[in-house]
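The values are calculated or read from the model by the stated rules, or taken from the named source; none is laboratory data. Note that the structure is a prediction, hence the values are computed from the model and not measured. As a convention, Cβ positions derive from the backbone with ideal geometry for all residues, glycine included, and neighbour counts pool all protein chains shown. Quick note on the areas: whole protein, heavy atoms, side chains included, nothing else; ligands and nucleic acids left out. Shrake-Rupley method; radii C 1.70, N 1.55, O 1.52, S 1.80 Å.
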Protein chains: 2
Amino acid sequence: MNQISLSGLPLGAPLYQEVKRKIMESLRNGEWKPGEIVPSEKRLGERFGVSIGTVRKAVDELAAENILIRHQGRGTFVASHTHDRYVFGFFHIVGQDGHKEYPKVELQAFASIKADSDMAQRLGIRAGSKLFRLTNQLSIAGKPLIVDDIHLPERNFPHLTADVVRTRPGTLYQLYQDNFAIAVLRTEERLRACLADERLASLLDVEVGAPLLHIVRLALTFNDLAVELRHSYVNTTHHEYFAEEHQ
Amino acid sequence: MNQISLSGLPLGAPLYQEVKRKIMESLRNGEWKPGEIVPSEKRLGERFGVSIGTVRKAVDELAAENILIRHQGRGTFVASHTHDRYVFGFFHIVGQDGHKEYPKVELQAFASIKADSDMAQRLGIRAGSKLFRLTNQLSIAGKPLIVDDIHLPERNFPHLTADVVRTRPGTLYQLYQDNFAIAVLRTEERLRACLADERLASLLDVEVGAPLLHIVRLALTFNDLAVELRHSYVNTTHHEYFAEEHQ
DNA sequence: CAGTGGTCTAGACCACATT
DNA sequence: ATGTGGTCTAGACCACTGT
(Lines give C-alpha, C1' and ligand atoms only; values in the text may rest on other atoms or scores of the structure.)
Protein backbone atom coordinates (compact mmCIF):
# COMPACT_ATOMS: atom_id res chain seq x y z
CA MET A 1 0.00 0.00 0.00
CA ASN A 2 1.43 3.33 -1.06
CA GLN A 3 1.49 6.15 1.43
CA ILE A 4 -0.62 9.12 0.45
CA SER A 5 0.34 12.65 1.42
CA LEU A 6 -2.10 15.32 2.57
CA SER A 7 -2.29 16.68 -0.96
CA GLY A 8 -3.61 13.37 -2.27
CA LEU A 9 -0.42 12.68 -4.18
CA PRO A 10 1.76 9.68 -3.36
CA LEU A 11 4.82 10.51 -1.28
CA GLY A 12 7.81 11.07 -3.51
CA ALA A 13 5.56 12.01 -6.42
CA PRO A 14 7.16 13.87 -9.34
CA LEU A 15 7.73 17.58 -8.85
CA TYR A 16 5.67 18.50 -11.90
CA GLN A 17 2.65 16.74 -10.38
CA GLU A 18 3.05 18.86 -7.28
CA VAL A 19 3.26 21.96 -9.49
CA LYS A 20 0.16 20.85 -11.38
CA ARG A 21 -1.70 20.37 -8.11
CA LYS A 22 -0.70 23.84 -6.92
CA ILE A 23 -1.84 25.43 -10.17
CA MET A 24 -5.20 23.64 -9.93
CA GLU A 25 -5.50 24.82 -6.35
CA SER A 26 -5.06 28.42 -7.48
CA LEU A 27 -7.64 27.89 -10.21
CA ARG A 28 -10.11 26.44 -7.73
CA ASN A 29 -9.46 29.38 -5.37
CA GLY A 30 -10.23 31.81 -8.14
CA GLU A 31 -6.76 33.37 -8.08
CA TRP A 32 -6.90 33.15 -11.86
CA LYS A 33 -10.43 33.25 -13.28
CA PRO A 34 -11.82 31.79 -16.51
CA GLY A 35 -10.60 33.76 -19.51
CA GLU A 36 -7.79 35.41 -17.57
CA ILE A 37 -4.11 34.98 -18.30
CA VAL A 38 -1.95 33.01 -15.88
CA PRO A 39 1.63 34.04 -15.10
CA SER A 40 4.26 33.18 -17.69
CA GLU A 41 6.08 29.89 -17.41
CA LYS A 42 9.16 31.74 -16.27
CA ARG A 43 7.27 33.41 -13.40
CA LEU A 44 5.54 30.18 -12.43
CA GLY A 45 8.93 28.50 -12.30
CA GLU A 46 10.23 31.23 -9.98
CA ARG A 47 7.10 31.08 -7.82
CA PHE A 48 7.30 27.33 -7.31
CA GLY A 49 11.09 27.17 -7.30
CA VAL A 50 11.35 24.80 -10.25
CA SER A 51 12.77 25.04 -13.76
CA ILE A 52 10.74 26.10 -16.75
CA GLY A 53 10.85 22.55 -18.11
CA THR A 54 9.06 21.29 -15.02
CA VAL A 55 6.42 24.00 -15.26
CA ARG A 56 5.94 23.11 -18.91
CA LYS A 57 5.27 19.49 -18.08
CA ALA A 58 2.61 20.49 -15.54
CA VAL A 59 1.00 22.98 -17.94
CA ASP A 60 1.20 20.39 -20.74
CA GLU A 61 -1.11 18.12 -18.78
CA LEU A 62 -3.50 20.89 -17.80
CA ALA A 63 -3.65 21.99 -21.43
CA ALA A 64 -4.31 18.39 -22.54
CA GLU A 65 -7.24 18.31 -20.11
CA ASN A 66 -8.52 21.60 -21.54
CA ILE A 67 -8.20 23.34 -18.19
CA LEU A 68 -5.57 25.77 -19.47
CA ILE A 69 -5.17 27.03 -23.03
CA ARG A 70 -1.86 28.09 -24.50
CA HIS A 71 -1.45 30.80 -27.12
CA GLN A 72 2.01 31.11 -28.57
CA GLY A 73 3.36 34.60 -28.17
CA ARG A 74 0.43 35.69 -25.99
CA GLY A 75 0.46 33.56 -22.90
CA THR A 76 -1.45 30.80 -21.14
CA PHE A 77 -5.11 31.35 -20.23
CA VAL A 78 -7.70 29.75 -17.98
CA ALA A 79 -10.22 27.89 -20.13
CA SER A 80 -13.58 29.62 -20.24
CA HIS A 81 -16.90 28.21 -21.33
CA THR A 82 -18.14 29.77 -24.53
CA HIS A 83 -20.78 28.73 -27.00
CA ASP A 84 -18.20 27.45 -29.48
CA ARG A 85 -16.31 25.56 -26.84
CA TYR A 86 -19.48 23.86 -25.62
CA VAL A 87 -20.42 22.77 -29.11
CA PHE A 88 -16.90 21.51 -29.78
CA GLY A 89 -16.37 19.72 -26.51
CA PHE A 90 -19.65 18.67 -24.96
CA PHE A 91 -22.29 18.57 -27.66
CA HIS A 92 -22.05 15.22 -29.43
CA ILE A 93 -25.08 15.28 -31.70
CA VAL A 94 -24.33 15.63 -35.39
CA GLY A 95 -26.41 15.59 -38.56
CA GLN A 96 -26.31 12.63 -40.91
CA ASP A 97 -23.62 14.34 -42.96
CA GLY A 98 -21.48 14.68 -39.82
CA HIS A 99 -22.17 18.41 -39.65
CA LYS A 100 -22.62 19.90 -36.17
CA GLU A 101 -25.26 22.56 -35.70
CA TYR A 102 -26.28 23.82 -32.30
CA PRO A 103 -30.04 23.92 -31.70
CA LYS A 104 -32.19 26.73 -30.44
CA VAL A 105 -32.99 26.20 -26.75
CA GLU A 106 -36.37 26.85 -25.15
CA LEU A 107 -37.02 26.47 -21.42
CA GLN A 108 -40.19 24.41 -20.94
CA ALA A 109 -40.29 23.98 -17.19
CA PHE A 110 -38.51 25.12 -14.04
CA ALA A 111 -39.27 23.58 -10.67
CA SER A 112 -37.89 22.75 -7.26
CA ILE A 113 -38.01 19.05 -6.39
CA LYS A 114 -36.49 16.62 -3.93
CA ALA A 115 -33.75 14.23 -5.03
CA ASP A 116 -34.79 10.59 -5.27
CA SER A 117 -32.23 7.99 -4.30
CA ASP A 118 -30.93 7.52 -7.88
CA MET A 119 -30.36 11.25 -8.43
CA ALA A 120 -28.83 11.63 -4.99
CA GLN A 121 -26.43 8.78 -5.54
CA ARG A 122 -25.29 10.09 -8.91
CA LEU A 123 -24.90 13.65 -7.61
CA GLY A 124 -23.22 12.57 -4.39
CA ILE A 125 -25.80 14.27 -2.15
CA ARG A 126 -28.41 13.07 0.31
CA ALA A 127 -31.72 11.69 -0.93
CA GLY A 128 -34.42 14.29 -0.28
CA SER A 129 -32.06 17.24 -0.87
CA LYS A 130 -33.61 20.04 -2.87
CA LEU A 131 -32.87 20.24 -6.58
CA PHE A 132 -33.78 22.61 -9.36
CA ARG A 133 -35.26 20.74 -12.28
CA LEU A 134 -35.14 22.41 -15.68
CA THR A 135 -36.64 21.05 -18.86
CA ASN A 136 -35.31 22.37 -22.14
CA GLN A 137 -36.54 21.70 -25.63
CA LEU A 138 -33.82 21.97 -28.30
CA SER A 139 -34.81 22.50 -31.92
CA ILE A 140 -33.09 22.73 -35.27
CA ALA A 141 -34.83 24.46 -38.17
CA GLY A 142 -37.94 24.74 -36.03
CA LYS A 143 -38.14 20.99 -35.48
CA PRO A 144 -37.66 19.65 -31.94
CA LEU A 145 -34.63 17.34 -31.68
CA ILE A 146 -33.71 16.96 -28.00
CA VAL A 147 -35.38 17.23 -24.62
CA ASP A 148 -33.10 17.89 -21.65
CA ASP A 149 -34.15 17.26 -18.07
CA ILE A 150 -31.52 19.02 -15.98
CA HIS A 151 -31.04 18.60 -12.23
CA LEU A 152 -28.99 21.00 -10.09
CA PRO A 153 -28.41 20.81 -6.33
CA GLU A 154 -30.01 24.01 -5.01
CA ARG A 155 -27.27 24.71 -2.50
CA ASN A 156 -24.77 25.20 -5.32
CA PHE A 157 -27.03 27.53 -7.29
CA PRO A 158 -28.56 29.97 -4.79
CA HIS A 159 -31.39 32.18 -6.02
CA LEU A 160 -31.50 30.58 -9.47
CA THR A 161 -34.76 31.42 -11.22
CA ALA A 162 -36.43 30.56 -14.49
CA ASP A 163 -35.92 34.16 -15.57
CA VAL A 164 -32.17 34.00 -14.99
CA VAL A 165 -32.03 30.81 -17.03
CA ARG A 166 -34.21 32.21 -19.80
CA THR A 167 -32.33 35.48 -20.18
CA ARG A 168 -28.80 34.08 -19.95
CA PRO A 169 -26.57 35.21 -22.79
CA GLY A 170 -24.81 31.90 -23.56
CA THR A 171 -24.88 28.23 -22.64
CA LEU A 172 -25.90 26.88 -19.26
CA TYR A 173 -22.27 26.01 -18.52
CA GLN A 174 -21.40 29.68 -19.05
CA LEU A 175 -24.13 30.56 -16.56
CA TYR A 176 -22.68 28.14 -13.99
CA GLN A 177 -19.26 29.68 -14.55
CA ASP A 178 -20.19 33.36 -14.59
CA ASN A 179 -22.98 33.50 -12.00
CA PHE A 180 -21.93 30.71 -9.63
CA ALA A 181 -18.17 30.35 -10.18
CA ILE A 182 -18.57 26.67 -11.01
CA ALA A 183 -16.33 25.33 -13.78
CA VAL A 184 -17.48 22.17 -15.53
CA LEU A 185 -14.24 20.32 -16.26
CA ARG A 186 -15.44 16.98 -17.61
CA THR A 187 -18.50 14.86 -18.18
CA GLU A 188 -19.48 11.21 -18.05
CA GLU A 189 -22.23 10.02 -20.36
CA ARG A 190 -24.25 6.80 -20.28
CA LEU A 191 -26.37 5.99 -23.30
CA ARG A 192 -29.35 3.70 -23.79
CA ALA A 193 -32.24 3.31 -26.19
CA CYS A 194 -35.75 3.99 -24.92
CA LEU A 195 -39.28 4.55 -26.20
CA ALA A 196 -41.04 7.91 -26.23
CA ASP A 197 -43.68 8.28 -23.54
CA GLU A 198 -46.52 10.78 -23.93
CA ARG A 199 -44.57 13.74 -22.57
CA LEU A 200 -41.51 13.11 -24.76
CA ALA A 201 -43.63 12.32 -27.81
CA SER A 202 -45.38 15.65 -27.40
CA LEU A 203 -42.17 17.62 -26.80
CA LEU A 204 -40.30 15.93 -29.67
CA ASP A 205 -43.21 15.74 -32.11
CA VAL A 206 -42.92 11.97 -32.55
CA GLU A 207 -45.31 9.09 -31.99
CA VAL A 208 -45.60 7.52 -28.56
CA GLY A 209 -43.33 4.45 -28.71
CA ALA A 210 -40.85 6.00 -31.14
CA PRO A 211 -37.25 5.01 -30.38
CA LEU A 212 -35.16 7.68 -28.65
CA LEU A 213 -31.55 7.90 -27.59
CA HIS A 214 -31.42 8.44 -23.83
CA ILE A 215 -28.23 10.06 -22.51
CA VAL A 216 -27.52 10.42 -18.80
CA ARG A 217 -24.79 13.00 -18.41
CA LEU A 218 -23.00 13.82 -15.19
CA ALA A 219 -21.01 17.08 -15.26
CA LEU A 220 -18.08 17.33 -12.85
CA THR A 221 -15.88 20.11 -11.50
CA PHE A 222 -12.65 20.10 -9.46
CA ASN A 223 -12.08 17.04 -7.27
CA ASP A 224 -14.70 15.16 -9.31
CA LEU A 225 -17.51 16.94 -7.51
CA ALA A 226 -20.82 16.54 -9.38
CA VAL A 227 -22.35 19.77 -10.68
CA GLU A 228 -25.27 18.71 -12.83
CA LEU A 229 -27.23 15.59 -13.74
CA ARG A 230 -28.82 15.76 -17.17
CA HIS A 231 -31.14 13.35 -18.94
CA SER A 232 -31.21 13.99 -22.68
CA TYR A 233 -33.69 12.36 -25.03
CA VAL A 234 -32.70 12.58 -28.68
CA ASN A 235 -34.72 11.89 -31.80
CA THR A 236 -32.06 10.15 -33.89
CA THR A 237 -34.11 9.92 -37.07
CA HIS A 238 -31.95 12.52 -38.80
CA HIS A 239 -29.14 12.99 -36.26
CA GLU A 240 -26.68 10.80 -34.40
CA TYR A 241 -24.30 10.76 -31.43
CA PHE A 242 -20.65 10.83 -32.46
CA ALA A 243 -17.76 9.41 -30.46
CA GLU A 244 -14.14 8.82 -31.36
CA GLU A 245 -11.79 6.42 -29.66
CA HIS A 246 -8.09 6.99 -30.04
CA GLN A 247 -7.81 3.43 -29.01
CA MET B 1 -1.82 28.61 -47.84
CA ASN B 2 0.90 26.55 -46.22
CA GLN B 3 3.22 24.51 -48.37
CA ILE B 4 3.05 20.78 -47.76
CA SER B 5 6.08 18.55 -48.11
CA LEU B 6 6.05 15.06 -49.66
CA SER B 7 5.71 13.55 -46.19
CA GLY B 8 2.44 15.36 -45.61
CA LEU B 9 3.96 17.57 -42.95
CA PRO B 10 4.12 21.33 -43.41
CA LEU B 11 7.50 22.64 -44.49
CA GLY B 12 9.50 23.73 -41.48
CA ALA B 13 7.53 21.38 -39.22
CA PRO B 14 9.03 20.57 -35.82
CA LEU B 15 11.78 17.96 -35.79
CA TYR B 16 9.90 15.73 -33.38
CA GLN B 17 6.98 15.54 -35.82
CA GLU B 18 9.37 14.32 -38.48
CA VAL B 19 10.73 11.75 -36.03
CA LYS B 20 7.21 10.66 -35.18
CA ARG B 21 6.40 10.25 -38.86
CA LYS B 22 9.51 8.14 -39.42
CA ILE B 23 8.68 5.91 -36.47
CA MET B 24 5.13 5.40 -37.77
CA GLU B 25 6.56 4.61 -41.19
CA SER B 26 8.69 1.85 -39.66
CA LEU B 27 5.67 0.53 -37.80
CA ARG B 28 3.62 0.48 -41.00
CA ASN B 29 6.47 -1.28 -42.81
CA GLY B 30 6.55 -3.96 -40.15
CA GLU B 31 10.12 -3.19 -39.12
CA TRP B 32 8.87 -3.44 -35.54
CA LYS B 33 5.85 -5.72 -35.13
CA PRO B 34 3.05 -5.65 -32.53
CA GLY B 35 4.32 -6.80 -29.16
CA GLU B 36 7.96 -6.30 -30.11
CA ILE B 37 10.32 -3.88 -28.43
CA VAL B 38 11.48 -0.80 -30.34
CA PRO B 39 15.03 0.54 -30.01
CA SER B 40 15.82 2.52 -26.89
CA GLU B 41 15.36 6.27 -26.96
CA LYS B 42 19.14 6.67 -27.03
CA ARG B 43 19.43 4.49 -30.15
CA LEU B 44 16.48 6.19 -31.84
CA GLY B 45 18.15 9.53 -31.18
CA GLU B 46 21.35 8.30 -32.82
CA ARG B 47 19.45 6.79 -35.76
CA PHE B 48 17.56 9.98 -36.52
CA GLY B 49 20.35 12.33 -35.54
CA VAL B 50 18.37 14.13 -32.83
CA SER B 51 18.65 14.46 -29.09
CA ILE B 52 16.89 12.14 -26.67
CA GLY B 53 14.54 14.94 -25.67
CA THR B 54 13.27 15.18 -29.21
CA VAL B 55 12.77 11.42 -29.47
CA ARG B 56 10.89 11.53 -26.18
CA LYS B 57 8.49 14.14 -27.48
CA ALA B 58 7.74 11.99 -30.55
CA VAL B 59 7.32 8.83 -28.47
CA ASP B 60 5.19 10.78 -25.97
CA GLU B 61 2.63 11.44 -28.68
CA LEU B 62 2.68 7.90 -30.01
CA ALA B 63 2.22 6.59 -26.48
CA ALA B 64 -0.67 9.01 -25.92
CA GLU B 65 -2.32 7.56 -29.05
CA ASN B 66 -1.75 4.03 -27.73
CA ILE B 67 0.41 3.14 -30.70
CA LEU B 68 3.50 2.60 -28.54
CA ILE B 69 3.57 1.51 -24.91
CA ARG B 70 6.32 2.44 -22.49
CA HIS B 71 7.49 0.28 -19.62
CA GLN B 72 9.90 1.93 -17.25
CA GLY B 73 13.09 -0.07 -16.95
CA ARG B 74 12.08 -2.48 -19.73
CA GLY B 75 11.71 -0.45 -22.89
CA THR B 76 9.12 0.80 -25.36
CA PHE B 77 6.91 -1.68 -27.19
CA VAL B 78 4.60 -1.72 -30.19
CA ALA B 79 1.01 -1.88 -28.99
CA SER B 80 -0.57 -5.26 -29.62
CA HIS B 81 -4.23 -6.18 -29.60
CA THR B 82 -5.11 -8.44 -26.73
CA HIS B 83 -8.40 -9.37 -25.16
CA ASP B 84 -7.83 -7.06 -22.21
CA ARG B 85 -6.79 -4.19 -24.40
CA TYR B 86 -9.89 -4.58 -26.58
CA VAL B 87 -12.18 -4.57 -23.56
CA PHE B 88 -10.40 -1.55 -22.09
CA GLY B 89 -10.15 0.50 -25.26
CA PHE B 90 -12.88 -0.43 -27.71
CA PHE B 91 -15.67 -2.13 -25.83
CA HIS B 92 -17.92 0.56 -24.35
CA ILE B 93 -20.81 -1.49 -22.98
CA VAL B 94 -21.00 -1.66 -19.20
CA GLY B 95 -23.47 -3.15 -16.73
CA GLN B 96 -25.76 -0.90 -14.70
CA ASP B 97 -23.24 -0.91 -11.88
CA GLY B 98 -20.56 0.36 -14.27
CA HIS B 99 -18.87 -3.02 -14.30
CA LYS B 100 -17.41 -4.18 -17.62
CA GLU B 101 -17.75 -7.83 -18.54
CA TYR B 102 -16.88 -9.12 -21.97
CA PRO B 103 -19.52 -11.35 -23.53
CA LYS B 104 -19.19 -14.77 -25.09
CA VAL B 105 -19.13 -14.48 -28.88
CA GLU B 106 -20.92 -16.86 -31.27
CA LEU B 107 -20.65 -16.58 -35.05
CA GLN B 108 -24.13 -16.73 -36.53
CA ALA B 109 -23.47 -16.11 -40.22
CA PHE B 110 -20.60 -15.70 -42.66
CA ALA B 111 -21.19 -14.59 -46.24
CA SER B 112 -19.71 -12.81 -49.20
CA ILE B 113 -21.73 -9.83 -50.40
CA LYS B 114 -21.34 -6.75 -52.55
CA ALA B 115 -20.96 -3.32 -50.97
CA ASP B 116 -23.93 -1.02 -51.35
CA SER B 117 -23.26 2.67 -51.81
CA ASP B 118 -23.50 3.46 -48.08
CA MET B 119 -21.01 0.76 -47.07
CA ALA B 120 -18.69 1.64 -49.93
CA GLN B 121 -18.68 5.30 -49.02
CA ARG B 122 -17.95 4.62 -45.36
CA LEU B 123 -15.20 2.11 -46.19
CA GLY B 124 -13.68 4.26 -48.92
CA ILE B 125 -14.08 1.57 -51.60
CA ARG B 126 -16.11 1.24 -54.79
CA ALA B 127 -19.79 0.28 -54.59
CA GLY B 128 -20.15 -3.32 -55.72
CA SER B 129 -16.76 -4.36 -54.25
CA LYS B 130 -16.86 -7.72 -52.50
CA LEU B 131 -17.16 -7.79 -48.74
CA PHE B 132 -17.20 -10.46 -46.10
CA ARG B 133 -20.21 -10.10 -43.85
CA LEU B 134 -20.06 -11.70 -40.42
CA THR B 135 -22.84 -11.77 -37.88
CA ASN B 136 -21.92 -12.33 -34.25
CA GLN B 137 -24.19 -12.84 -31.29
CA LEU B 138 -22.66 -11.70 -27.97
CA SER B 139 -24.07 -13.02 -24.72
CA ILE B 140 -23.50 -12.50 -21.03
CA ALA B 141 -24.60 -15.17 -18.56
CA GLY B 142 -26.25 -17.06 -21.40
CA LYS B 143 -28.45 -14.08 -22.32
CA PRO B 144 -27.92 -12.41 -25.71
CA LEU B 145 -26.89 -8.75 -25.36
CA ILE B 146 -25.44 -7.58 -28.67
CA VAL B 147 -25.67 -8.47 -32.35
CA ASP B 148 -22.73 -7.40 -34.53
CA ASP B 149 -22.95 -7.19 -38.32
CA ILE B 150 -19.34 -6.86 -39.46
CA HIS B 151 -18.23 -5.90 -42.95
CA LEU B 152 -14.69 -6.42 -44.25
CA PRO B 153 -13.36 -5.60 -47.73
CA GLU B 154 -12.34 -9.00 -49.16
CA ARG B 155 -9.16 -7.72 -50.77
CA ASN B 156 -7.71 -6.89 -47.35
CA PHE B 157 -8.59 -10.28 -45.85
CA PRO B 158 -7.66 -12.90 -48.45
CA HIS B 159 -8.85 -16.48 -47.84
CA LEU B 160 -10.79 -15.56 -44.70
CA THR B 161 -13.28 -18.30 -43.83
CA ALA B 162 -15.93 -18.89 -41.20
CA ASP B 163 -13.72 -21.57 -39.72
CA VAL B 164 -10.80 -19.21 -39.29
CA VAL B 165 -13.10 -16.75 -37.57
CA ARG B 166 -14.69 -19.40 -35.38
CA THR B 167 -11.44 -20.96 -34.22
CA ARG B 168 -9.49 -17.77 -33.62
CA PRO B 169 -7.89 -17.62 -30.19
CA GLY B 170 -8.67 -13.98 -29.26
CA THR B 171 -10.63 -10.99 -30.48
CA LEU B 172 -11.31 -10.18 -34.13
CA TYR B 173 -8.84 -7.30 -33.95
CA GLN B 174 -6.17 -9.78 -32.88
CA LEU B 175 -7.07 -11.85 -35.93
CA TYR B 176 -6.71 -8.84 -38.21
CA GLN B 177 -3.35 -8.11 -36.63
CA ASP B 178 -1.90 -11.62 -36.50
CA ASN B 179 -3.25 -13.13 -39.74
CA PHE B 180 -3.45 -10.06 -41.97
CA ALA B 181 -0.94 -7.62 -40.47
CA ILE B 182 -3.63 -4.96 -40.09
CA ALA B 183 -3.45 -2.83 -36.95
CA VAL B 184 -6.65 -1.12 -35.85
CA LEU B 185 -5.46 2.19 -34.43
CA ARG B 186 -8.68 4.06 -33.76
CA THR B 187 -12.43 3.93 -34.21
CA GLU B 188 -15.29 6.30 -34.93
CA GLU B 189 -18.70 5.43 -33.56
CA ARG B 190 -22.11 6.85 -34.46
CA LEU B 191 -25.02 5.99 -32.19
CA ARG B 192 -28.77 6.04 -32.72
CA ALA B 193 -31.85 4.45 -31.22
CA CYS B 194 -33.80 1.94 -33.33
CA LEU B 195 -36.51 -0.69 -32.97
CA ALA B 196 -35.89 -4.43 -33.12
CA ASP B 197 -36.98 -6.05 -36.37
CA GLU B 198 -37.78 -9.76 -36.54
CA ARG B 199 -34.19 -10.87 -37.07
CA LEU B 200 -32.81 -8.76 -34.20
CA ALA B 201 -35.71 -9.64 -31.92
CA SER B 202 -34.97 -13.29 -32.48
CA LEU B 203 -31.21 -12.95 -32.02
CA LEU B 204 -31.52 -10.75 -28.92
CA ASP B 205 -34.51 -12.53 -27.38
CA VAL B 206 -36.62 -9.37 -27.19
CA GLU B 207 -40.01 -8.39 -28.62
CA VAL B 208 -40.26 -7.01 -32.13
CA GLY B 209 -40.35 -3.23 -31.65
CA ALA B 210 -38.18 -3.23 -28.53
CA PRO B 211 -35.79 -0.24 -28.38
CA LEU B 212 -32.18 -1.02 -29.26
CA LEU B 213 -29.00 1.02 -29.30
CA HIS B 214 -27.60 0.99 -32.83
CA ILE B 215 -23.85 1.68 -33.10
CA VAL B 216 -22.11 2.15 -36.43
CA ARG B 217 -18.39 1.70 -35.84
CA LEU B 218 -15.67 2.40 -38.39
CA ALA B 219 -12.27 0.94 -37.50
CA LEU B 220 -9.22 2.67 -39.00
CA THR B 221 -5.55 1.85 -39.45
CA PHE B 222 -2.53 3.94 -40.55
CA ASN B 223 -3.32 6.95 -42.75
CA ASP B 224 -6.96 6.73 -41.65
CA LEU B 225 -7.60 3.80 -43.99
CA ALA B 226 -10.85 2.02 -43.13
CA VAL B 227 -10.49 -1.59 -42.00
CA GLU B 228 -13.92 -2.65 -40.83
CA LEU B 229 -17.49 -1.38 -40.75
CA ARG B 230 -19.52 -2.75 -37.88
CA HIS B 231 -23.18 -2.34 -37.00
CA SER B 232 -23.86 -3.26 -33.38
CA TYR B 233 -27.34 -3.60 -31.92
CA VAL B 234 -27.43 -3.53 -28.14
CA ASN B 235 -30.20 -4.42 -25.74
CA THR B 236 -29.75 -1.65 -23.18
CA THR B 237 -32.30 -2.96 -20.70
CA HIS B 238 -29.58 -3.94 -18.24
CA HIS B 239 -26.49 -2.45 -19.88
CA GLU B 240 -25.39 0.93 -21.21
CA TYR B 241 -22.81 2.62 -23.43
CA PHE B 242 -20.26 4.63 -21.46
CA ALA B 243 -18.33 7.65 -22.73
CA GLU B 244 -16.17 10.16 -20.94
CA GLU B 245 -15.34 13.63 -22.15
CA HIS B 246 -12.28 15.32 -20.76
CA GLN B 247 -13.89 18.51 -21.84
C1' DC C 1 25.19 -4.84 -12.44
C1' DA C 2 23.91 -2.56 -16.82
C1' DG C 3 20.26 -0.78 -19.46
C1' DT C 4 15.83 1.26 -19.73
C1' DG C 5 12.47 4.92 -19.35
C1' DG C 6 11.15 9.05 -16.02
C1' DT C 7 12.36 13.41 -14.01
C1' DC C 8 14.66 17.72 -13.63
C1' DT C 9 17.64 21.29 -14.89
C1' DA C 10 19.78 25.17 -17.70
C1' DG C 11 20.21 27.40 -21.58
C1' DA C 12 19.94 28.56 -26.62
C1' DC C 13 17.22 29.67 -30.31
C1' DC C 14 12.80 30.17 -32.92
C1' DA C 15 7.99 31.76 -34.07
C1' DC C 16 4.59 34.60 -32.80
C1' DA C 17 1.93 38.58 -30.77
C1' DT C 18 1.77 42.91 -28.73
C1' DT C 19 3.49 47.42 -27.69
C1' DA D 1 11.77 45.93 -28.95
C1' DT D 2 9.97 42.98 -25.65
C1' DG D 3 7.79 39.09 -23.83
C1' DT D 4 5.46 34.91 -24.68
C1' DG D 5 5.14 29.98 -25.62
C1' DG D 6 7.46 26.19 -28.79
C1' DT D 7 11.46 23.55 -29.98
C1' DC D 8 15.83 21.46 -29.30
C1' DT D 9 19.86 20.24 -26.96
C1' DA D 10 23.00 18.12 -23.34
C1' DG D 11 23.58 16.19 -19.30
C1' DA D 12 22.65 14.63 -14.44
C1' DC D 13 20.23 11.83 -11.56
C1' DC D 14 16.39 8.64 -10.21
C1' DA D 15 13.41 4.39 -10.36
C1' DC D 16 12.68 0.31 -12.24
C1' DT D 17 13.80 -4.19 -14.63
C1' DG D 18 16.21 -8.23 -15.82
C1' DT D 19 20.59 -10.75 -15.63
From the phi angles alone, apply the Karplus equation (6.51, -1.76, 1.60; θ = phi - 60°) to region B:65-78 and give each ³J(HN,Hα) in whole Hz, x where the residue is Gly or Pro. 8, 6, 8, 10, 10, 8, 10, 4, x, 9, x, 10, 10, 6
Projecting the Cα atoms of A:Ile125, B:Asn136, A:Gly12 onto the charge dipole of the protein assembly as shown, where Lys and Arg contribute +1 and Asp and Glu -1 at Cβ, the residue farthest towards the positive end is A:Gly12
Put a point 7 Å out from Cα along the line to Cβ at B:Ile37; what are the distances to that point in the other copies, in nm, shortest first? 4.8
Starting from one equal scatterer on each C-alpha and no solvent at all, send me the Debye-based log10 I(q)/I(0) for region B:96-241 at q = 0.15, 0.19 Å⁻¹, two decimals. -0.81, -1.28
Hz values of 3J(HN,Hα) by residue in region B:223-235 - Karplus curve (6.51, -1.76, 1.60), Gly and Pro given as x: 6, 6, 6, 6, 10, 8, 10, 10, 9, 10, 10, 10, 7
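Sort A:His71, A:His159 by heavy-atom solvent-accessible area, probe 1.4 angstrom, most to least.
Working: A:His71 75, A:His159 165 Å².
I get A:His159, A:His71, largest accessible area first.
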Sorting B:Ala193, A:Phe180, B:Ile37 by the position of each Cα along the dipole of the protein assembly as shown (Lys, Arg +1; Asp, Glu -1; all at Cβ), the one nearest the positive end of that ordering is B:Ile37
Where does each of A:Asp60, A:Asp149, A:Asp163 land when they are ordered by accessible area, with a 1.4 Å probe and the largest first? A:Asp163, A:Asp60, A:Asp149
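For a test of the definition: using alpha carbon positions, the gyration tensor, and the 1.5 limit on a/c, classify chain B as rounded, prolate or oblate. Could you put the intermediate results ahead of the total?
Numbers: a/c = 2.06, a/b = 1.77, b/c = 1.16.
Prolate.
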Mean residue ellipticity at 222 nm from the helices of chain B, using -39,500 (n - 2.57) per DSSP H segment of n ≥ 4 over the full residue count, to the nearest 500 deg cm²/dmol? -8000 deg cm²/dmol
Compare each residue of region B:207-236 in its chain alone against the assembly with all protein chains, and report those whose accessible area goes down by 20 Å² or more; 1.4 Å probe, heavy atoms. B:Pro211, B:Leu213, B:Thr236
3J(HN,Hα) from dihedral phi, region A:195-206, Karplus parametrisation 6.51/-1.76/1.60, rounded to Hz, x for glycine, proline: 10, 5, 8, 5, 4, 5, 4, 5, 5, 9, 6, 10
Heavy atoms of B:Glu31: accessible area, 1.4 Å probe, square angstrom to 10: 90 Å²
